[in-house]
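Structure record follows, encoded as structure tokens.
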Amino acid sequence: MKRQKNGAFRKGAHGAMVMIDNDREGTVLRIERSSIHDGDGFRTVVFLKGCPLCCQWCSTPESQKFEPEQAGETRYGSRMKVEDVIREIRKDSLFFFISTGGVTISGGEPLAQPEFTKAILQNCKKECFNTAMETTFFASWEQISSILPYLNTVFVDLKLVSREKHIAFCGVDNEQILQNLLHTNDAEGNFRLIVRTPIVPGVNDSEEELEKIGAFAASLTRLRHIQLLPYHRLGTGTYQKLGRPYLLEGVKSPSAGEMERCRATVRRFVENTV
Amino acid sequence: MEKQYMKRIEALREQYLNTRVDMDVYNAKYLTEGFKETEGQPWIIQKATGFYRQCEKKNIYIQEHELLVGGPGFKPRCGILCADSSAGIIAAELDTISTRPFDPFYLSEEGKKVYQEEVEDYWKNKCLLDRWRLLAPKDMETLRNNGAIFIDRKAVRGYGETTPSWNRILQKGILGIRKEAEEHLAALDDAVPGDLEKMFFYKAEMIACDGIMLLAKRHAALAEEQAAACTDEARRAELLKIAAVCRNVPANPAQSFHEACQSILFYEFAIFMEQNASSYNLGRLDQYLYPYYQADKAAGLLDDEGAQELFDCMWIKIAEMSLFQDEITAQYAAGYCITVQTSCGGIDQYGNDATNELSYMMIQATMDVKFKEPNLAVTYSLSKNPDALLRKAVEAIGMGLTMPAVYSNDVGLRMMQNKGVPLSEAWDWNPCGCVETNLAGRMKQYTDIADINLGAMVEFALNDGVSRITGERVSVSTGDPKNFKTFTDFFNAVKAHIDYAVDVITSGNQLLDYLSMNYRTVPALSLGFPHCMEVGKDYSQPGATKYSCGGGVITVGQADIVNSLAAVKYLIYDEKKLTMEQLCTALAADFKGYEDVQAMCLAAPKYGNDDERADFCVGEVFTHIIDQFEKYDTKFGKMTCGMLPVSGNTPIGQWVGALPSGRNALTPLTDGIGATGGTDVNGPTALLKSVSRIPHARFTQGTQLNMKVEPELLRGNDGLAHGMNLLKTLCMLDVYHAQFNVVDRETLLDAQQYPEKHRDLLIRVAGYTAFFVELGKETQDEIIGRTEIGSWDGKGCCG
């Protein structure tokens, strides 16, 4: 078989020969090892830099801009080649094996660097690593569908179903996001679909909004579960560091009781709400 | 629901915590009396007679609530002065020992008088420590006096770090062992060369047996006396039971689980009275005690709660033993630590899973008692032991107990093989002391004849063999570092200093062996080693035990030497950010005025991050060290090494100037085989990967990894799985040992209040790792809050 420098032919998802673009560069915010929050087992999370959304509660504001940036002594992000990322990922392969963990591509928005994301995931599949992606789904369906075959799990954020509110709090229309979720529901493949909703007091914790979220999630028949995550303020220090205003000043993390109330509401629509 | 037996355990705990730690000089007094009355006789007879007098005369006690009794001192929680080892050691400390900062021992005025009038003078130039000082080679003194090695520990106290054959004690009984000695003695002919020495030995064994049995009988009598005066019927029955148990064991084979526990304790206390040595391990208790548990249960004499209660009582009795050390030695291993290790799990002689009900009870005992002794471990066989055992271990770790330690059974087994033990016996290995390896009743070794200061080895290479602290020439000359043209030149200079220190330490070891053979006979300890009985030699003699595994040396400052080598390579030879001259000038000034150089040093690649630029030298440098030691033979086999600094990394650091790692002069070196505090920013998996570069199995005295983990990692059911997965992977990576210190809520609150104490505390925040004390108050609160939510969730899970 013919091989090219830093690339290898192999069978693609549909049996066709594809070439992995190992020379491609992307902007990586950081690579976190032994994470226990972004999928099963121990995971290496590749945070890509750059996101088309600007959610006001975003806990990683340093992941929003597409270019590497400097804040004081801290440098956020660097340009990396696919093969450099893979070399880093490979280091924990034994932990993946034992813990049924793997690789999670997160962001920023991984789909904003679709070719880079795809090449990383193709490599992971080549080495039999379990893969997951955390995404807003704010991307074209074409891009998503070309990446889904390389994923074991896709975590999609569904922050708000109300269109106006989504525009107000996240800076973009959610029409495409909802459409992509519906397409994904009908897509082929064995990947798991998990929807995650951050519960932000005053934004989406009203019964009305939760019911909308629940009802929409209920229409996704292949959904594994919907996970509600309590809003937290761990990122506020980073806003200061970057000299950016934090718009949700004064909002408090929801209590355990509040979270239970929200879950109970969503559970009326989707039994598997965690 | 509180278990019934926990009432007693709580009461015993309370009693323990309310007991002051005292200095016992009475054992020394009785020992001295025995020596005086046998003046001129063979040393071993003198020692045995002295030991007998200790057993005969020592004050004994039975405390409220106790089911298991005895103890080495005149009261519970005592440090014992072992006069023949180091009688003079407390002479200078008589007025300060009660109040000194590390491990104070209360010494009464009466005690002082006893020491001064009845102990001190007799042992001048006679105890082992005095002889050691008289004979110490000059090069050794120079290295020691400049802190490049620490080598007096084994002259101060005797050799522990061993595991007697508990099966022998339990199954034969002391009387049975005495009979063996008697029979051997009868078969000897003093006209045959060599038999005379054997006769001395067997006679000493019989005297030691008589002493131990007498001590047990005295306890039986005391229990009967207390029973007669006891008005509480339940307690009276307990006391009578104690009396009956002490009448039977350890003289006779144990007849019940209760007797087996008491028999073990009596012998444990006896050998500790003989030597004040650390780490007389209990070994694989789940294996030794299982037949007694099974028989008692089948006969309806014992239920699981009863067995658990006895285990818990035994744990408290072990915790009562306190290791006496002089002030300086205590700094190297503070905490009264007797480090009596016991382990569960592992495999049996057929290679099958050895886990049984008692394995779980041992872990439960540590969860109940919550003391740091005995030092509990699981020798985890990845392929054979059940997940349930590992899960139980992680549950205990999750409580923040730091115990049990978890060992890779396979690596331990390979260490045994490296010590010359065949596979037919290596399966039965047990962890010893801190993290050493041992084989019950068959192996003699010194764990830590010396500590070698690896930070100093780097310093000497960069300063031509001269100490930056004292300005004295300490090691060989390796020339001006500016002339090192390549990194290899520098690395070779470091190796040259290591080689010199190894050579000097080995000569110290030969001296210690000579002194031990002549002045450190241990007739009571020898009873637990069947080979001693067979060949008629005391434990202290070459060829006495089945396996002799040399003098062990502890390397201190693993991360420091790696980080320093890495920084020099990276900054000077690879990236050329600094010249050797710039570096050396900054180091000489302890970075004062050269903060930019220090910043570069600190930013250089660090061990613990799975970063090739730092870890490249790990395998090479440690292989070099062990290769070097293994070149040397001793009367007791090849020299061995371990990486278990206990707390020696702190005092040893006071002898090291600034290092290329960015570490300031006089500050502690890094403990164990972990990363330097605050430099491992890639999480636990990366740390374990770096650690796996060490050739663990060749460091047969063990390698110690203390891992800080965040409570979040071990929280809830997922947390148990994470902990288990980490430990399983550790085994697959061929890492030998890990102990988890969970960073708890209290630590975080303390760090918020006293940030200067917790500067290197790393914590995960929203996908990245940061220094906790550098986070804003709000973020800190949020993180502390997470630990709270965790406990709430945890309750929710259990319904």
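The values are calculated or read from the model by the stated rules, or taken from the named source; none is laboratory data. Predicted, not measured: the structure shown is a model, and the values here were computed from it. A quick note on method: Cβ atoms are made from the backbone with ideal geometry, for glycine too, and the neighbour counts reach across all protein chains shown. Side chains included, ligands, DNA and RNA excluded: accessible areas come from the protein's heavy atoms. Shrake-Rupley method; radii C 1.70, N 1.55, O 1.52, S 1.80 Å.
Annotations
- Residue match in the range A:43-60 (condition: open to solvent by 20 Å² or more (accessible area, probe 1.4 Å), more than 24 Å from A:Ala168 (Cα to Cα) and part of a strand (DSSP E or B)): no
- Of all residues in the range A:199-230 being open to solvent by less than 10 Å² (accessible area, probe 1.4 Å), out of contact with any Asp or Glu (no Cβ under 9 Å at 6 or more places or on another chain) and in a loop (DSSP other than H, G, I, E, B), the one that is farthest from the other protein chains (Cβ to nearest Cβ): A:Leu220
- Filter pass, A:Glu258 being surrounded by fewer than 20 Cβ atoms within 10 Å (Cβ to Cβ) and either within 27 Å of A:Leu121 (Cα to Cα) or in contact with a Ser or Thr (Cβ under 8 Å, 6 or more places away or on another chain) (or both): no
- Of all the listed residues (B:Arg100, B:Arg77), the sole one being open to solvent by less than 60 Å² (accessible area, probe 1.4 Å), on the phi > 0 side of the Ramachandran plot and in contact with an Asp or Glu (Cβ under 6 Å, 6 or more places away or on another chain) is B:Arg77.
- Where A:Pro245 falls short, out of the listed (1) exposed (fewer than 15 other Cβ atoms within 10 Å of the Cβ); (2) within 14 Å of chain B (Cβ to nearest Cβ): (2)
- Selection from the range B:207-245 of residues that are farther than 16 Å from B:Leu68 by Cα and surrounded by fewer than 20 Cβ atoms within 10 Å (Cβ to Cβ): B:Asp210, B:Leu214, B:Glu225, B:Ala228, B:Ala229, B:Cys230, B:Thr231, B:Asp232, B:Glu233
- Taking the criterion of being farther than 20 Å from B:Leu376 by Cβ and of a type in the set (D, E, K, R), the residues of the range B:269-296 that qualify are B:Glu274, B:Asp296.
- Which numbered condition B:Val192 fails, given (1) at pLDDT 95 or above; (2) part of a helix (DSSP H, G or I): (2)
- Segments classed as strands (runs of 3 or more DSSP E), wholly inside the range B:717-778, with at least 3 members that are farther than 30 Å from A:Val28 by Cα: B:737-742
- Among the candidates B:Ile169, B:Ile149, residue that is buried (at least 20 other Cβ atoms within 10 Å of the Cβ) and closer than 23 Å to B:Phe272 by Cα: B:Ile169
- Candidate set from the range B:159-189 (those that are outside any helix (DSSP H, G or I) and closer than 25 Å to B:Leu289 by Cα); member that is modelled with the lowest pLDDT: B:Gly160
- Residue count for the range B:687-708, restricted to those that are within 12 Å of chain A (Cβ to nearest Cβ) and either touching a Gly at 6+ places or on another chain (Cβ under 8 Å) or more than 27 Å from B:Cys617 (Cα to Cα) (or both): 3
- The residues of the range B:395-437 that are more than 20 Å from B:Val340 (Cβ to Cβ) and among the acidic types (Asp, Glu), listed by number, are B:Glu395, B:Asp410, B:Glu425.
- Applying the condition of being over 29 Å from A:Asn180 (Cα atoms) and part of a helix (DSSP H, G or I) to the range A:248-274 and asking which residue is nearest to the other protein chains (Cβ to nearest Cβ) yields A:Ala256.
- Residues within the range B:348-357 that are closer than 12 Å to B:Val378 by Cα and open to solvent by less than 20 Å² (accessible area, probe 1.4 Å), tallied: 1
- Take the conditions (1) open to solvent by 40 Å² or more (accessible area, probe 1.4 Å); (2) touching a strand residue (DSSP E or B) at 6+ places or on another chain (Cβ under 8 Å); (3) within 12 Å of chain B (Cβ to nearest Cβ); A:Ser78 misses just one of them, which is (3).
- Reported count of residues in the range B:1-50, each being among the aromatic types (Phe, Trp, Tyr) and either over 30 Å from B:Met314 (Cβ atoms) or touching a strand residue (DSSP E or B) at 6+ places or on another chain (Cβ under 6 Å) (or both), is 2.
- Pairs meeting the criteria (first residue in the range B:487-501 and closer than 13 Å to B:Gly465 by Cβ, second residue among the acidic types (Asp, Glu) and part of a helix (DSSP H, G or I), beta carbons under 9 Å, at least 6 apart or on different chains) are B:His497/B:Glu459; B:Tyr500/B:Asp139.
- Lone qualifier among B:Val709, B:Val681, B:Val646 - being modelled with pLDDT under 85 and open to solvent by 10 Å² or more (accessible area, probe 1.4 Å): B:Val646
- Test: A:Gly237 is in contact with a helix residue (DSSP H, G or I) (Cβ under 9 Å, 6 or more places away or on another chain), within 14 Å of chain B (Cβ to nearest Cβ) and part of a helix (DSSP H, G or I): yes
- Search result, residues across the range B:51-79 that are aromatic (Phe, Trp, Tyr) and out of contact with any strand residue (DSSP E or B) (no Cβ under 9 Å at 6 or more places or on another chain): B:Phe51, B:Tyr52, B:Tyr61
- Of all residues in the range A:16-29, those satisfying the criterion of being open to solvent by less than 40 Å² (accessible area, probe 1.4 Å) and either within 13 Å of chain B (Cβ to nearest Cβ) or in a loop (DSSP other than H, G, I, E, B) (or both) are A:Ile20, A:Asn22, A:Val28, A:Leu29.
- Between B:Lys777, B:Lys728, the distinction of being facing chain A (nearest Cβ under 10 Å), farther than 12 Å from B:Pro684 by Cβ, among the basic types (Lys, Arg) and surrounded by fewer than 21 Cβ atoms within 10 Å (Cβ to Cβ) belongs to B:Lys777 only.
- Being of a type in the set (A, V, I, L, M), in a helix (DSSP H, G or I) and more than 27 Å from B:Ser526 (Cα to Cα) is true of B:Leu310.
- In the range A:91-109, the count of residues that are more than 26 Å from B:Phe771 (Cα to Cα), open to solvent by 40 Å² or more (accessible area, probe 1.4 Å), within 20 Å of the chain's Cα centre (by Cα) and away from chain B (no Cβ under 14 Å) is zero.
- Test: residue in the range B:259-275 that is open to solvent by 10 Å² or more (accessible area, probe 1.4 Å) and among the small types (Gly, Ala, Ser): no
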